[in-house]
Amino acid sequence: MAEQGSIRHAFENALSLIDDNRPDLAAQQLKEILDEDPAEVNSLRLLGTLHLANGDTDGAIEHLSLAVRHGPNFDQAAIDLGRAYRQSGQHQAAVKLLQDLCHRKPNIAEAWQLMGDALIEHGDVTAGRDAFRRAAQLDPFRAQIAEGVRHLGRHRRRDAEVAFREVLKKDPNHIHALVGLATIATDAGAIDDAEKLLRHGLKFAPNMDSLWRGMARVHSQHADYEAAVAAAERAVELAPGTPDCWTMLGTVQAWGLNPKAAKCAFEKSLALNPKQPRVLLSLGHVLKTIGDRKASEEAYRRAVKMDPLMGEAYWSLADLKNYTFSDEEIDRVYAAIEDDRVTPPDRAAFNFALGKAYEDRKEYGKAFEHYAAGNAIKHDHEKFNSAEFKLKCERIQATITADFISSRRASQTSPVVPIFIIGMPRAGSTLLEQILASHARVQGTMELPHILNYVREFNADDRYPEALAEVSATEFAKLGARFIRETKPYRGTATYFIDKMPNNFSHIGFIRMMLPQAVFIDARRHPMDCCFSIFKQNFARGQTFSYDLTTLGGFYNDYLTIMRHWDEVMPGSVLRVLYEDIVDDTETQIRRLLDHCGLKFEAACLRFYETERAVRTASAEQVRQPIYRNSIEHWRHFEKSLAPLEQALGSALTTYKT
């Protein structure tokens, strides 16, 4: 095999074996080449990378060092040797090697990228960041990445995906393309795919703040608050002068009900770059959460001034509930709607804001026109499959029967009692939460995503709920323990805590099997008031059934049907609380509520509006004031326009309160 042609043939065979995922045979082939020619640099380098892939850094360094010695101009071998030094913890050696290479060959982006990691791991974060910037400047795919980022900014995700995938075809380890695709995957709800992309990137560039920011988002979607904070804090540690890192930390902290820390993080981001209207928006949301109404409004107004085409800022002002739009502001909104640069989500938000403005002026016809226009825009971009949802509910009812629950129900092991407030959105769940959270033994949290995440895990290939038949009582107990463990960052040391995710209503049987101690409260409100309140609310995400009145009415009936099922298979487990009853006889209903939870009456629950806590929902302003009657039968102002909803609701209207 000493002939050059035979060596070339053997090397090509080794490459084929690697492509066929047979690295052991490839390594053997390379060793045979090196037996014949110990200085064959390509084989030395490839064998070194195989050792590195297996975690054998000593073997990698041995072979890559020889490749560099025999091929002093073999740049890729030097880069791989630098990577091996890094992985073995020899950061100083990695820095020296890569600095020499970058001095001799200053235009190799990969070398600068790797040197950035080595410098940071050696303790020189500033020099490492400078090296990353140089790598970005030299990136041969810089134009394609910029194009993908522009598409993302304009909500053209398909075009962005094409741009990033084209880069990865040529460089499968390109960090910025991986981050771009992970962003698209996260936005689409493909969280596992996003995590794989980011973890792949971290293997090659563990000190890139953009990868850690992506991981913070992924952990947030997995409802792992501690991991999300750690990832966001790592991003800040790596790039404290980058506003996006502080923004991500603030976003995670806001999600984790740590609004004061979130406020601080957003303010640091704005100090680094004051011209960030969306960060101002986030700051406004946090200020609203902690009850600083005046400062919240000011943040939103600053965002509007900075970006007049950001409909979400106008909607945020409208969502303060008691904000009054001036004629001048309304004129500006109309002008923005006609601007071709406005994205569909912002155009929808502008319409929702106008709907609220005209409703406040008692111009109900105009108000409805704009509510309908906003919903139509959202409906065009996010479809809801009513037939599919109805079928899923029917499958749940057919599967999760009384016997099914009793045969798999976990034994109670935890003293911690979760209170699930379920039902339709805008039915009074935030009011009930505020009342209960005013009790000394109860911690209010937010709409926790954990149960829906567990359902998704079982729903691979549309196998939920039938897949639950394969789960034993012991396994359900483990799942319940997981829920108690994962929710600890929100509930602290409280014995009782609240999960007010309304969409949990179809999963009560599933919850009962894993959390036998759970308490269930069904927040209910007159169907017309409830559904119209949903229709005119510009939800950020997750309520795609709300964009069409007929669809909305059908969804409400599906909700009633499955709630009747839980009443039959779990009699007495779910307490139904009507919003109108709370308004008419507050104390009686609060005593009834506390009794169902196994809690003694406390007068503080009557003064719930005095309780200081973070409130993240659209009803944050309302629950900080005493109960009022204004929202009862408010739908009648729009009665003529709501005929499709009335028809879709059908018997739900005549059976309410029965």
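For residue 140, the requirement of being without any contact (Cβ under 8 Å) to a residue 24 or more places away in the chain and more than 30 Å from residue 347 (Cα to Cα) is not met. Taking region 91-106, which residues are buried (at least 17 other Cβ atoms within 10 Å of the Cβ) and in contact (Cβ under 8 Å) with a residue 12 or more places away in the chain? Answer for region 91-106, where residues must be buried (at least 17 other Cβ atoms within 10 Å of the Cβ) and in contact (Cβ under 8 Å) with a residue 12 or more places away in the chain: 91, 94, 95, 97, 98, 99, 101, 102.
Is there a residue in region 315-323 that is of a type in the set (A, V, I, L, M), farther than 25 Å from residue 533 by Cα and part of a loop (DSSP other than H, G, I, E, B)? Scanning region 315-323 turns up no residue that is of a type in the set (A, V, I, L, M), farther than 25 Å from residue 533 by Cα and part of a loop (DSSP other than H, G, I, E, B).
Of the residues 614, 618, the single one that is outside any helix (DSSP H, G or I), modelled with pLDDT under 95 and within 25 Å of residue 372 (Cβ to Cβ) is 618. In summary, residue 377 fulfils each of the numbered conditions (1) within 19 Å of residue 534 (Cβ to Cβ); (2) in contact with a Gly (Cβ under 9 Å, 6 or more places away or on another chain); (3) hydrophobic (A, V, I, L, M, F, W, C) with the single exception of condition (2). Of the candidates 223, 160, 177, 185, the single residue that is under 30 Å from residue 84 (Cα atoms) and buried (at least 21 other Cβ atoms within 10 Å of the Cβ) is 177. Within region 408-445, the set of residues being over 20 Å from residue 484 (Cα atoms) and outside any loop (DSSP other than H, G, I, E, B) comprises 423, 429, 430, 431, 432, 434, 435.
The sole residue among 134, 158 that is modelled with pLDDT of 90 or more, assigned to a helix (DSSP H, G or I) and either hydroxyl-bearing (Ser, Thr, Tyr) or in contact with a Phe, Trp or Tyr (Cβ under 6 Å, 6 or more places away or on another chain) (or both) is 134.
Being part of a helix (DSSP H, G or I), crowded, with 18+ Cβ neighbours inside 10 Å and touching a Ser or Thr at 6+ places or on another chain (Cβ under 9 Å) holds for only one residue in 396, 451, and it is 396. When each of 297, 328, 312 is tested for being in the same structural domain as residue 279 (by TED's automatic domain parsing), surrounded by fewer than 16 Cβ atoms within 10 Å (Cβ to Cβ) and out of contact with any His (no Cβ under 7 Å at 6 or more places or on another chain), the lone residue that passes is 328.
Just checking, does region 207-216 include any residue being in a helix (DSSP H, G or I), in contact with a Phe, Trp or Tyr (Cβ under 6 Å, 6 or more places away or on another chain) and hydroxyl-bearing (Ser, Thr, Tyr)? Looking through region 207-216, none of the residues is in a helix (DSSP H, G or I), in contact with a Phe, Trp or Tyr (Cβ under 6 Å, 6 or more places away or on another chain) and hydroxyl-bearing (Ser, Thr, Tyr). Sub-9 Å Cβ pairs linking a first residue in region 44-70 that is on the phi > 0 side of the Ramachandran plot and without any contact (Cβ under 8 Å) to a residue 40 or more places away in the chain to a second residue that is assigned to a helix (DSSP H, G or I) and surrounded by fewer than 24 Cβ atoms within 10 Å (Cβ to Cβ), at least 6 apart or interchain, are 55/87, ordered by first then second residue. Could you go through region 572-579 and let me know if any residue there is under 28 Å from residue 410 (Cβ atoms) and among the aromatic types (Phe, Trp, Tyr). So far as region 572-579 goes, no, none of its residues is under 28 Å from residue 410 (Cβ atoms) and among the aromatic types (Phe, Trp, Tyr).
Once region 460-507 is narrowed to residues that are touching a Lys or Arg at 6+ places or on another chain (Cβ under 7 Å) and among the β-branched types (Val, Ile, Thr), the residue that is farthest from residue 223 (Cα to Cα) is 471. Six or more apart or on different chains, Cβ atoms under 8 Å: show the pairs whose first residue is in region 332-344 and assigned to a helix (DSSP H, G or I) and whose second is exposed (fewer than 12 other Cβ atoms within 10 Å of the Cβ) and modelled with pLDDT of 90 or more. What qualifies is 344/380.
The values are calculated or read from the model by the stated rules, or taken from the named source; none is laboratory data. Nothing here was measured: the structure is a model prediction, and the numbers come from that model. Quick reminder, even Gly has a Cβ in these numbers, built from the backbone with ideal geometry, and neighbours come from all protein chains shown.
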